[in-house]
Amino acid sequence: MKFQLLSIALVFSTLVAVAQKKEIVFNVVFKDKNIGTIHAVKEVAGSKVTSDLKTNTDAKVFMMSIHVESEVTAVKENGVLVQGTAYRHANRGSEDVHAKVTKVADKAYQAVKNGKTTKIENKQIDVCVVDLYHQEPKGLNAIFSNMYADFLKVKALGAGKYQVTTPDNKDTYYNYQNGQLVLVESNTPLGKVLCKRI
């Protein structure tokens, strides 16, 4: 009995030691005011990696209150996306998004965004937008967005800066120092939004 309890305790402590969790926080700044935060969490347990990105922002523009919250999750097995989800709710402007991408076969996925189903075939998804918060996209020219349920263009601009372009031609700039993301710049119709690593 003692041996069994000791074995269970050893297995449990090994599992706890194997699972690693890393969290990074960014302040969201609009017109020199802090309007919210982004939490980027990466959890590794053996061959499974779960990345989660949560955004919560509130701003007042021209006497209007603007609130946006979003969450994106990507689950990978052996470096390949097996499931991704994305949710965005905005009280003004941006369209709400509910999206889910599921691996259905080797190099084949089913994507459902706001009720519309599409297929992604002959493509393996191994780098997603959420990964940009934990790794520099060196050598990549495209990454997958769970929010868009589509691939985005990546262009290296030099000195650790990358331009990521969405299918609707919106650009976001990711800035790295020593391989770590320190700043994200997004242009919006209301002005530039900066996400600064804390």
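The values are calculated or read from the model by the stated rules, or taken from the named source; none is laboratory data. Quantities reported herein were computed from a predicted structural model and do not represent experimental measurements. Methodologically, a virtual Cβ is constructed for each residue, glycine included, from the backbone with ideal geometry; neighbour enumeration extends over all protein chains shown. What goes into the accessible areas is simple: the full protein's heavy atoms, side chains included, and nothing from ligands, DNA or RNA. Shrake-Rupley method; radii C 1.70, N 1.55, O 1.52, S 1.80 Å.
Just to be sure before I move on: is residue 125 assigned to a loop (DSSP other than H, G, I, E, B) and touching a residue at least 12 places away in the same chain (Cβ under 8 Å) in the structure I sent? Considered against the rule, which asks whether it is assigned to a loop (DSSP other than H, G, I, E, B) and touching a residue at least 12 places away in the same chain (Cβ under 8 Å), residue 125 comes out as yes. When segment 157-169 is limited to residues that are open to solvent by 10 Å² or more (accessible area, probe 1.4 Å) and either outside any strand (DSSP E or B) or in contact with a Ser or Thr (Cβ under 7 Å, 6 or more places away or on another chain) (or both), the one that is nearest to residue 24 (Cα to Cα) turns out to be 160. For segment 37-73, a tally of residues being closer than 16 Å to residue 182 by Cα and among the small types (Gly, Ala, Ser) returns 1.
Against the conditions (1) within 23 Å of residue 24 (Cβ to Cβ); (2) open to solvent by 40 Å² or more (accessible area, probe 1.4 Å); (3) outside any loop (DSSP other than H, G, I, E, B), residue 175 satisfies every one except (2). Given the conditions (1) within 18 Å of the chain's Cα centre (by Cα); (2) on the phi < 0 side of the Ramachandran plot; (3) exposed (fewer than 14 other Cβ atoms within 10 Å of the Cβ), and given that residue 154 satisfies all but one, which numbered condition is not satisfied? Tallying (1) within 18 Å of the chain's Cα centre (by Cα); (2) on the phi < 0 side of the Ramachandran plot; (3) exposed (fewer than 14 other Cβ atoms within 10 Å of the Cβ), residue 154 fails exactly one: (3). If you go through segment 120-134 one residue at a time, do you hit one that is over 17 Å from the mean Cα position of the chain (by Cα), crowded, with 17+ Cβ neighbours inside 10 Å and closer than 25 Å to residue 41 by Cα? Looking through segment 120-134, none of the residues is over 17 Å from the mean Cα position of the chain (by Cα), crowded, with 17+ Cβ neighbours inside 10 Å and closer than 25 Å to residue 41 by Cα. When the residues of segment 101-122 are filtered to those that are of a type in the set (D, E, K, R) and assigned to a strand (DSSP E or B), the one that is nearest to residue 76 (Cα to Cα) is 103.
Whenever a residue of segment 134-148 is of a type in the set (A, V, I, L, M), its partners that are part of a loop (DSSP other than H, G, I, E, B), lying with C-beta atoms within less than 7 angstrom and at least six residues away or across chains, give the pairs 140/127; 143/127; 143/137.
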